[in-house]
1. Could you tell me whether region 128-148 includes any residue that is out of contact with any Cys (no Cβ under 6 Å at 6 or more places or on another chain), over 22 Å from Tyr278 (Cα atoms), at pLDDT 95 or above and in a strand (DSSP E or B)?
2. Considering region 90-127 alone, what residues qualify as being touching a helix residue (DSSP H, G or I) at 6+ places or on another chain (Cβ under 7 Å) and part of a loop (DSSP other than H, G, I, E, B)?
3. Would you kindly identify the strands (runs of 3 or more DSSP E) lying entirely within region 209-286 that contain at least 3 residues that are within 14 Å of the ligand (Cβ to nearest atom)?
4. Has region 155-167 got at least one residue that is within 16 Å of the ligand (Cβ to nearest atom), surrounded by fewer than 17 Cβ atoms within 10 Å (Cβ to Cβ), over 12 Å from Phe92 (Cα atoms) and more than 17 Å from the chain's Cα centre (by Cα)?
5. Would you pick out the residues in region 11-22 that are in contact with a Ser or Thr (Cβ under 6 Å, 6 or more places away or on another chain) and hydrophobic (A, V, I, L, M, F, W, C)?
6. Specify which of the listed residues (Leu72, Leu32) is over 19 Å from the mean Cα position of the chain (by Cα), surrounded by 18 or more Cβ atoms within 10 Å (Cβ to Cβ) and away from the ligand (no atom under 16 Å from the Cβ).
7. Name the residue, out of Glu193, Glu136, Glu177, that is loosely packed, with under 15 Cβ neighbours inside 10 Å and not β-branched (Val, Ile, Thr).
8. Tyr56 is checked against (1) buried (at least 20 other Cβ atoms within 10 Å of the Cβ); (2) modelled with pLDDT of 95 or more; (3) hydroxyl-bearing (Ser, Thr, Tyr) and fails just one. What number does that condition carry?
Amino acid sequence: MPLPKAELHLHIEGTLEPELAFRLAARNGVVLPYADTEALREAYLFKDLQSFLNLYYELMTVLRTEQDFEDLANAYLARAAAQGVRHAEIFFDPQAHIARGVPMRTIVEGLWRALGRSTENHGMSTRLIMCFLRDESADSALETLEAARPHLDRIIGVGLDSAEVGHPPAKFREVYEMAADLGLRRVAHAGEEGPPAYITEALDLLGVERVDHGLRCMEDPDLVARLVRERIPLTLCPLSNVRLRAVDVLAEHPLRAMLEAGLLCTVNSDDPAYFGGYVADNYHAVRDALGLTKEQMRELARNSFRASFLEDDEDLRSRYLAEVDAYEFGDGPHGTPGRG
Ligand SMILES: [Zn+2]
């Protein structure tokens, strides 16, 4: 049985596996420039951020209807449940779809057809977080929030993603203020490829409650001390960091040092179809590369629920934490065999 965990940094568009991409392409009459799923899977072995983003946006064109978004979300939920995910806070990128003529309503209602039934169908609670593309304009982000207004009963928060460098958090101050006024939770990608100062800006100017990635905080001891003191969670994505070259090899990942510094770290999969693994695969990879102990693995799982936005259901959070506490590790390598 896998270690129970929450996933807090997951882009639903990044869960599109080659097989589903071809199925949706056929259904919608979209011609993909790949001979078959094998050829497409080879394209997933991209070399850098730009080739990843090119492929990511190219494949999104297969997502057209509510049914497509529902199928995408259900495919993720099935895989996540099998990896021990009990609760997921899922990102989506509406601007990437609206720009292709897919209305906000189709995206949100399509995803909701899966997420609204995630407990019955997959034994998982879910929440939806809408991300702004930071390489688009601040005005575009404001328009996106406006378009989301009729759907805010489905969306608990806002995030900020895509190419970080050159697009500091300050650019999105106004839209985050509006989001706060609307009662939305706030997160942002910061300190992945961008400098530690972007993390500080996200906290001070955007009021974020959780930082996505944030691993470059380790370059600034004062910032680390603040993140520890204020109990700001970080959503780390180790396999993503290797694929996008934020770290050269997993053995050099700062996760272990971050845990030992007292940071509230969580482990997540980011864009798992593209980065070589879903969330339990990330847990296993860091366990093996960094020699994490059973108790450190359990702490990561506890952190994932502590860092989640389950303030709207503290009973559920308590039940999940009790499941983590009761979890019995086997005695494989590092005491965590199976799907951990
Ligand atoms: Zn991300």
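1. Within region 128-148 (the criterion being out of contact with any Cys (no Cβ under 6 Å at 6 or more places or on another chain), over 22 Å from Tyr278 (Cα atoms), at pLDDT 95 or above and in a strand (DSSP E or B)), the answer is yes, since at least one residue qualifies.
2. Asp93, Gly123, Met124 - these are the residues of region 90-127 that are touching a helix residue (DSSP H, G or I) at 6+ places or on another chain (Cβ under 7 Å) and part of a loop (DSSP other than H, G, I, E, B).
3. Qualifying strands (runs of 3 or more DSSP E): 210-213, 233-236.
4. Yes, some residue in region 155-167 is within 16 Å of the ligand (Cβ to nearest atom), surrounded by fewer than 17 Cβ atoms within 10 Å (Cβ to Cβ), over 12 Å from Phe92 (Cα atoms) and more than 17 Å from the chain's Cα centre (by Cα).
5. Within region 11-22, Phe22 is the sole residue that qualifies.
6. Being over 19 Å from the mean Cα position of the chain (by Cα), surrounded by 18 or more Cβ atoms within 10 Å (Cβ to Cβ) and away from the ligand (no atom under 16 Å from the Cβ) holds for just one of Leu72, Leu32, which is Leu32.
7. None of the others qualify; the one that does is Glu177.
8. (2)
The values are calculated or read from the model by the stated rules, or taken from the named source; none is laboratory data. Everything quoted here is computed from the prediction, not taken from an experiment. Because the Cβ atoms are built from the backbone with ideal geometry, glycine has one as well, and the counts that use them run over all protein chains shown.
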